[in-house]
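Here's the structure, in structure tokens; my notes come after.
The values are calculated or read from the model by the stated rules, or taken from the named source; none is laboratory data. All figures in this text were calculated on a predicted structure; none of them were measured in a lab. All Cβ positions, even for glycine, are placed from backbone atoms using ideal geometry, and neighbour counts span all protein chains on display. Only protein heavy atoms, including side chains, enter the accessible area calculation; ligands, DNA and RNA are left aside. Shrake-Rupley method; radii C 1.70, N 1.55, O 1.52, S 1.80 Å.
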Amino acid sequence: LTCRARAKHHTNRGCAKSRLRRRALTTPSATKHVTCRFLDLSSDEDCAMVGALLNEYASDAMGGATPLAPDVVRTVGAKLNEVPGAMSVAAFDENCVPVGLCNSLMGFSTFKALPLCNIHDVYVKPSHRGCGIAPQMLKLIEEEARARGCCKLTLEVLSNNESAKTSYEKYGFQAYELDPDAGQALFWEKALR
């Protein structure tokens, strides 16, 4: 099947998330032609793709430079499917090879009393970086977040990842602050496992 035919094949499969999969974006980026589409997390093929791309991301310097455990690679897509509202978008090159992944999770803004959408992972293969692929994946996520009534998109970015920060700023993201005198919000974590 051609890449467009594969996208159509995936969008015509019946499942509860069919509305997500019907939308796909095919546009030439700065130098590469890509197709972006929602992944079907009930599909073994798409779940395997999520695991493989996340493992590449984790192995990258900006992902921590440590591969994921094999069990995580094998199960993460199916486990994402169990998370209410989770969405995954992949970008494919002209040969239908996956070159990017964007995972998002639903959250809730207590200050707005509305849902929000957190962009949890954004990964583009090194060979395709700088070609405008991340914004294409983000566009599909944003459209769905708007359809779900979300008040905002959130994401985390490493402070030294200048190229990603520039891309996100061009897309409209900015550092979060309530009051400039109080400073910008920081993302912290405490590992439980």
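Numbers at a glance
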| read-out | value |
| --- | --- |
| Members of the range 148-159 that are modelled with pLDDT of 95 or more and more than 17 Å from the chain's Cα centre (by Cα) | GLY149, CYS151 |
| Strands (runs of 3 or more DSSP E) wholly inside the range 50-167 that include at least 2 residues being touching a residue at least 60 places away in the same chain (Cβ under 8 Å) | 87-92, 98-109, 114-124 |
| Qualifying residue in the range 179-189 (condition: assigned to a strand (DSSP E or B), open to solvent by 40 Å² or more (accessible area, probe 1.4 Å) and of a type outside the set (S, T, N, Q)) | no |
| Residue satisfying all of: in the range 103-123; hydroxyl-bearing (Ser, Thr, Tyr) and open to solvent by less than 70 Å² (accessible area, probe 1.4 Å); nearest to GLU82 (Cα to Cα) among these | SER104 |
| Odd one out for MET62 among (1) within 21 Å of ALA147 (Cβ to Cβ); (2) modelled with pLDDT under 95; (3) in contact with a Phe, Trp or Tyr (Cβ under 9 Å, 6 or more places away or on another chain) | (1) |
| So LEU20, is it assigned to a helix (DSSP H, G or I), in contact with a strand residue (DSSP E or B) (Cβ under 8 Å, 6 or more places away or on another chain) and modelled with pLDDT of 60 or more | no |
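Okay, residues lined up against (1) surrounded by fewer than 17 Cβ atoms within 10 Å (Cβ to Cβ); (2) out of contact with any helix residue (DSSP H, G or I) (no Cβ under 8 Å at 6 or more places or on another chain); (3) more than 21 Å from MET49 (Cα to Cα):
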| position | (1), (2), (3) |
| --- | --- |
| CYS96 | yes, no, no |
| LYS125 | no, no, no |
| ILE133 | no, yes, no |
| MET137 | no, yes, no |
| GLY149 | yes, yes, yes |
| ASN160 | yes, yes, yes |
